[in-house]
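Heads up, the thing below is written out as structure tokens.
What follows is calculated from the coordinates using simple rules that are stated; it is not laboratory data. In this text, all values refer to a predicted model and were calculated from it rather than measured experimentally. For neighbour counting, all protein chains shown are included, and Cβ atoms are generated from backbone atoms with ideal geometry for every residue, glycine included.
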Amino acid sequence: MKLVAVTSCPTGIAHTYMAAEAIEQAAKDAGHEIHVETQGAAGAEALDPQWIAEADAVIFAADVDVRDKERFAGKPVVSAGVKRGINHAADMVAEAVEKAQAAPDSGPVAPAPAAPAGPRLGPGAKLRLWLMTGVSYMLPFVAAGGILIALAFVFGGAEVANQVNGGEFEGVDYEAITDPTRILDQVGITGVLFYIGGLAFSMLVPILAGFIAFGMADRMGIAPGVVGGLIAVNVGAGFLGGLVAGLLAGAIVMALKLIKADQAFSGIMRIVVIPLVSVFAVGFIMLVLVGKPIATAQTWLTDWLAGLSGVNAVLLGLLLGAMMGFDLGGPVNKVAYLFGVGALASGDFTVMAAVMAAGMVPPLGLALATVVRSKRFSQAERQSGKAAWLLGAFFITEGAIPFAAADPLRVIPSTVVGGAVAGAVSMAFGSTLRAPHGGVWVLPLIGNPGGFIIAILAGTAATCLCAVALKTAWRSKAAETADDQALVAI
Amino acid sequence: MSDLITAELVDLDLTGADRHEATGKLAALLAQAGRVTDVDGFLADVRAREAQMPTGIEGGIGIPHARSAHVTAPSLAFGRSAEGVDFGADDGPADLVFLIAAPAGGASDHMTILASLARKLIHQDFKTALREAPDAAAVAALITNALG
């Protein structure tokens, strides 16, 4: 059997090598071929990617992070502290062999191990690969959160959102629940579904940002990325803010890693300096340089919309719809949505209908596009397309974020166009809506539902056509290379 | 480059109530040989490392070590202790204590020597030979030859 191992310890002058020797001995005694990478002070001689590709199992005997761990993705791994490698090397080897035998087809799973050994990527393809990394880690949150919220609506009615978060629904004023442990008693299981779904959703942007940074700068990127993403959420910057935070965090950590530290100092660099500096820098930029202008812009947009009262209804629908589709839950989308809710409160029900139609269209249109032209989408995107149908149907616009985050320049124009069409058509038919959320589940509360449905169909078709056209006409070889790579990495 | 270890860096009757005392005695040998400039500073670095995770290894071995600015040349002080000194290994006290002193930012050829020493430590015959060596000069020769 063929094995590879990595050993490392805090100082990198003793245990690393003792463990390497012990594991090499144990493996040879047991009749296996092994290569060990010692990540110690004498400089790590990286394992030949060929050995990794051929290895049946991987052993980590390490007290500090194994560097470039993603090289071993998909392999059976036995992992322990460095001392176990020294004292019980034979046991670790036996476990690795056992795992290799238990693993189905553990042979050349990834013949071209991730980025380091792959073909050199151009800057565009790299960017796409980073974004795809972030999206791939975010997807489970979208699926879990979105479906939980949809289920809450199905079983609890659209008012479940207000029962948990407070606010008015259909003339009933609900008080927000302040103690989450009491949701089950006060709202019931549907409230619990909604609450958990909402929490999972609140992690979308932090996870997206954190793992974009991870894709760029390895694990050191996660902390500044996640913190930057949390700030993007808190300042209402949405997923575009998350993209900025993730790329920023990755770039800062990459830059900090370039500083050649004295060997004695390099441990402190990794453990304290890089996390401290990168988290602060990203946090400061997001909070002060990004957050404030966004708040100002939101105020300005809100005032501007308010000043538009009396403008042609179809034009207003077009505008609000475009805003809904622009950043999919981000600041511009929020302004449009709140404008709809405000109109609801003042007795104008047409605006809310236009806003909801436009908010349902982006996930629906992109889901349709993945079916019509599946070749233009990555495998991950085709998978998220399936969930996007459901999310769109329930007015969970965020269902489009995985597509938009992976390819903003082609997807955002499509969702803007689709949203604008849906908003305008809904206004043209004069459809009304008396609920602030719920999607298909509040169809009974919609006046002129036929017109509303036509608006959604038209918007969905527009988004789909636009996305397919842009992805076909403006194909980049870079994106395709990155997608092929991402398939291996994900 | 001077040898990693010489006879004057070997103490075959190492005693110490605990690992800090034993390490201190070996560090004093390094200081006398001029390989450590500031014993207290060096010991503080060793303790900091020891605090992260005890350096005792099963089979009666303790390897306190540090990379420290107070070290002038990569060095090894060796102590043999009849009653043993606890270095936190699971199977009890260590009778072979290796104090490894590496200069901060040492060049990688120094580190390679220390790496090959560390590799030797897990071999039973090497440990047996150290336990049976008759005198300090024999120990120093044994280690130097092993690294040659």
B:Ala69/A:Gln379 FRET efficiency (R0 35 Å; Cβ-Cβ; nearest 0.05): 0.10
Alpha-carbon radius of gyration plus Dmax, which is the widest Cα pair, for region A:154-268 in Å: 20.0, 67
Label zone at A:Ala345, where the point sits 7 Å out along the Cα-to-Cβ direction: region A:176-210 residues whose backbone N lies under 19 Å: A:176-177
Estimated [θ] at 222 nm from DSSP helical runs (n ≥ 4, -39500 (n - 2.57)) normalised by residues in chain A, nearest 500: -21000 deg cm²/dmol
Value of [θ]222 nm, deg cm²/dmol, for chain B, DSSP H segments ≥ 4, -39500 (n - 2.57) each, nearest 500: -13000 deg cm²/dmol
Quarter of the Cα convex hull surface for region A:2-117, i.e. its orientation-mean projected area (nm²): 6.2 nm²
Cα-based Rg / Dmax (Å) for region A:363-481: 14.7, 48
Kirkwood estimate for region A:281-394, i.e. one over the average of 1/r between Cα atoms, Å: 15.8 Å
Proportion of all alpha-carbon pairs of region B:7-147 beyond 19 Å (%): 46 percent
Taking the C-alpha atoms of region A:355-407, convex hull volume expressed per residue in Å³: 61 Å³
Globularity ratio of region A:402-442, using Cα Rg and 2.2 N^0.38 Å: 1.49
D (Stokes-Einstein, µm²/s), Kirkwood Cα radius, the protein assembly as shown, 1.306 mPa s at 10 °C: 56 µm²/s
Gyration tensor verdict on region A:46-108 (Cα atoms; rounded if a/c is under 1.5, prolate if a/b is larger than b/c, oblate otherwise): oblate
Between region A:291-306 and region B:9-81, the alpha-carbon center distance in angstrom: 65 Å
Excluding exposed DSSP-loop trypsin sites (Lys or Arg not before Pro) (at most 12 other C-beta within 10 Å), longest clean stretch of chain A: A:261-474
Prolate/oblate/rounded label for region B:32-109 (Cα gyration tensor, a/c 1.5): prolate
Cα-based shape type of region A:160-205, given that a ≥ b ≥ c are square roots of the gyration tensor eigenvalues and the cut on a/c is 1.5: oblate
Cα lying deepest toward the dipole's positive end in region B:7-147, options B:Pro103, B:Val46, B:Gln32, charges on Cβ: B:Pro103
Estimated vicinal HN-Hα couplings, Hz - region B:11-27 in sequence order (Karplus 6.51, -1.76, 1.60; Gly, Pro = x): 10, 7, 10, 6, 10, x, 5, 8, 5, 5, 5, 4, 4, x, 5, 5, 5
For B:Leu12, distant residues with modelled amide H under 5 Å away: B:Arg80
Förster-model FRET efficiency, 22 Å R0, B:Gln32 and B:Gln52, C-beta, rounded to 0.05: 0.20
Modelled FRET efficiency - R0 45 Å, A:Ala297 with A:Phe155, Cβ distances, 0.05 increments: 0.70
Rough spin-label spacing in nm, given labels placed 7 Å along Cα→Cβ, for A:Lys28 and A:Arg67: 2.5 nm
Neighbour-limited loop hits for GluC sites (Glu not before Pro), region A:127-234 (at most 13 other Cβ within 10 Å; DSSP other than H, G, I, E, B): A:Glu170, A:Glu175
